[in-house]
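Reviewing the structure listed below.
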Amino acid sequence: MGSYCHRRYVSRLFQNFGKLQPKMKTEQEAGLSCNSHKLMLYNDIIAPSYFGGFHMLPLGVRALEKLTRLVDQEMQTVGGQKIAMTTLAKESLWQKSGRWETAGAELFTLKDRQKHQFCLGPTHEELVTQLLANNQVSYKQLPIRLYQITRKFRDEMAPKYGLLRGREFEMKDMYTFDTNKDTALETYNAVCEAYDRIFDRIGVEYVKVSGATGLIGGDLSHEYHYQTDVGQDSVLLCDRCEVKMNKELAAVDGSLPSSCQLPATDCELQERKGIEVGHTFYLGTKYSSIFNAAYRSQEGQNIHYSMCCFGLGMTRIIQSTVEVLSTENNLRWPSLIAPHQIYIIPKKDGPRGSEYLAAAGSLSDSFTQRPHLRGEVVIDDRMSMTIGRRQVDADRLGYPYIVILGVKALESPALYEVVNVAKGETTFMSEDQLMALA
Ligand code: ATP
Ligand code: MG
Ligand code: MG
Ligand code: MG
């Protein structure tokens, strides 16, 4: 019975295979909602809390935790050390960097009982640079690469599309501290490679473009975008002229090569809608000089760090991959972040109903004996419903595999009907073949 606790029955999950809520309809009409937002609400991945704020429900948290594990792995591969900074930041720090003014209305601000003013961190350059300024660091300890995965707060002018543009959201932010520009650029490249690996492993096609530095500042920056019509950025891409940039950048510094500005050439410039899911910056000494954050050099001098920072929109990544992969009615996930991997449907109640349910339980146990599948298998025990009806829900949830236990599952040797959801293919498999699957 030891493995019994790993069995998950649909009827006991916090999930109601709900209906579209009336509020959603008005949001859809107002253009504030998109397909992935609708599907995530409908399937109880997220739930609305306030305008631009969403609860993550159990399935949403599972997806987020999987993405977190992937990001932790890749950040630690490049020497990242995980921290968790405070959410509240003192006004004085943000005044010092000048961003209390420039971030303006996007900052959520509040006062404590002594009337000291704070903001809820929208990003953490000030706090992390102050942290380093308060520590004695020798050149021997560098590079230092710190990261966190925490909630960020931005009073967006126009929250939209659920997790895609929320007023609070989960971000992975890394801040790095190097001896000089050359070593900082080595760090920059190493972390960009880690980003490439993260996006490769997620498996949804992305583009990396030169980015606008905006509010963060600095002079070298790249953005990672998924291409989807709900993206609010425009990216310019030209294979022939090797252009890959955020359109904002072309507008700001005119860096679009002249070949792409002259229609007479045979350039292939395309403009696509993109959603920014990652952003990398070389900052140089912009913040370290303001906060006097310095390391002790070999010669005993105090030298300002050369810094970089790297953001990843965790909750945005989850919903935008769903936006790219899903159909109108059915969620589709990158298999790495699907909340569960396997959905088992035992045949409906009848004279042998309990046998089907028991077979589903032991099949689930066989899967979950392997550590990587623990918690990954869900049994649809709504036994008064037909297989077909439950399969509609399974298809809607979009887990990678649906395993149906029909008549052949009780024969010897047993055969199971397996749907590869991404491919839409159905095959019959023995238990051994099934175990080799996931
Ligand atoms: P955008 O251009 O979409 O407003 P940004 O450039 O302001 O994003 P950054 O300051 O670069 O965002 O933050 C790092 C990452 O955090 C972004 O690349 C994005 O993935 C994510 N992010 C930013 N704002 C939001 C938001 N309102 N909701 C969800 N994720 C966000
Ligand atoms: Mg923004
Ligand atoms: Mg941006
Ligand atoms: Mg950005």
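The values are calculated or read from the model by the stated rules, or taken from the named source; none is laboratory data. All figures in this text were calculated on a predicted structure; none of them were measured in a lab. Methodologically, a virtual Cβ is constructed for each residue, glycine included, from the backbone with ideal geometry; neighbour enumeration extends over all protein chains shown.
State all residues of the stretch 235-258 that are within 14 Å of ligand 3 (Cβ to nearest atom) and in a strand (DSSP E or B); if no residue qualifies, say none.
Across the stretch 235-258, the qualifying residues are VAL235, MET245, ASN246.
Every residue, every condition in (1) touching a helix residue (DSSP H, G or I) at 6+ places or on another chain (Cβ under 8 Å); (2) under 21 Å from PHE14 (Cβ atoms), yes or no:
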residue	(1), (2)
SER354	no, no
ALA358	no, no
PHE367	yes, no
VAL378	yes, yes
ILE387	no, no
LEU405	yes, no
LYS423	no, no
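Pick out the one residue from LEU331, LEU357 that is among the aliphatic types (A, V, I, L, M) and in contact (Cβ under 8 Å) with a residue 40 or more places away in the chain.
Exactly one residue qualifies, and that residue is LEU331.
Out of (1) away from ligand 4 (no atom under 16 Å from the Cβ); (2) farther than 21 Å from ILE144 by Cα; (3) in contact with a helix residue (DSSP H, G or I) (Cβ under 7 Å, 6 or more places away or on another chain), the odd one out for TYR224 is which?
(1)
VAL10 fails exactly one of the following numbered conditions: (1) loosely packed, with under 15 Cβ neighbours inside 10 Å; (2) at pLDDT 85 or above; (3) β-branched (Val, Ile, Thr). What is the number of that condition?
(1)
Select, from SER297, SER288, SER335, the only residue that is surrounded by fewer than 20 Cβ atoms within 10 Å (Cβ to Cβ) and closer than 28 Å to GLN136 by Cβ.
The unique qualifying residue is SER297.
What about ASP173, is it within 16 Å of ligand 2 (Cβ to nearest atom) and touching a Cys at 6+ places or on another chain (Cβ under 7 Å)?
yes
Any idea how many residues of the stretch 304-336 are farther than 28 Å from LEU415 by Cα and either in contact with a helix residue (DSSP H, G or I) (Cβ under 7 Å, 6 or more places away or on another chain) or of a type in the set (A, V, I, L, M) (or both)?
The total comes to 23.
Exactly one condition in (1) free of Cβ contacts under 8 Å to residues at least 24 places away in the same chain; (2) within 16 Å of ligand 2 (Cβ to nearest atom) is false for CYS309; which is it?
Just one mismatch for CYS309, condition (1).
Please report, ordered by residue number, the helices (runs of 4 or more DSSP H) entirely within the stretch 64-159 with at least 1 residues that are touching a residue at least 60 places away in the same chain (Cβ under 8 Å), within 14 Å of ligand 1 (Cβ to nearest atom) and touching a helix residue (DSSP H, G or I) at 6+ places or on another chain (Cβ under 8 Å).
Because the criterion is at least 1 residues that are touching a residue at least 60 places away in the same chain (Cβ under 8 Å), within 14 Å of ligand 1 (Cβ to nearest atom) and touching a helix residue (DSSP H, G or I) at 6+ places or on another chain (Cβ under 8 Å), the helices (runs of 4 or more DSSP H) in the stretch 64-159 that meet it are 99-103, 125-133.
With the requirement that a residue be among the small types (Gly, Ala, Ser) and within 30 Å of GLU170 (Cβ to Cβ), what does the stretch 252-285 give you?
Within the stretch 252-285, GLY274, GLY278, GLY284 qualify.
For the stretch 405-419, indicate whether the set of residues that are within 25 Å of ILE337 (Cβ to Cβ) and of a type in the set (Gly, Ala, Ser) is non-empty.
No.
With a cut-off of at least 2 residues that are in contact with a Gly (Cβ under 7 Å, 6 or more places away or on another chain), name the strands (runs of 3 or more DSSP E) lying wholly within the stretch 275-326.
306-313
Among the listed residues THR280, THR265, THR285, which satisfies the condition of being modelled with pLDDT of 95 or more and farther than 22 Å from TYR195 by Cα?
Going through THR280, THR265, THR285 in turn, just one is modelled with pLDDT of 95 or more and farther than 22 Å from TYR195 by Cα: THR285.
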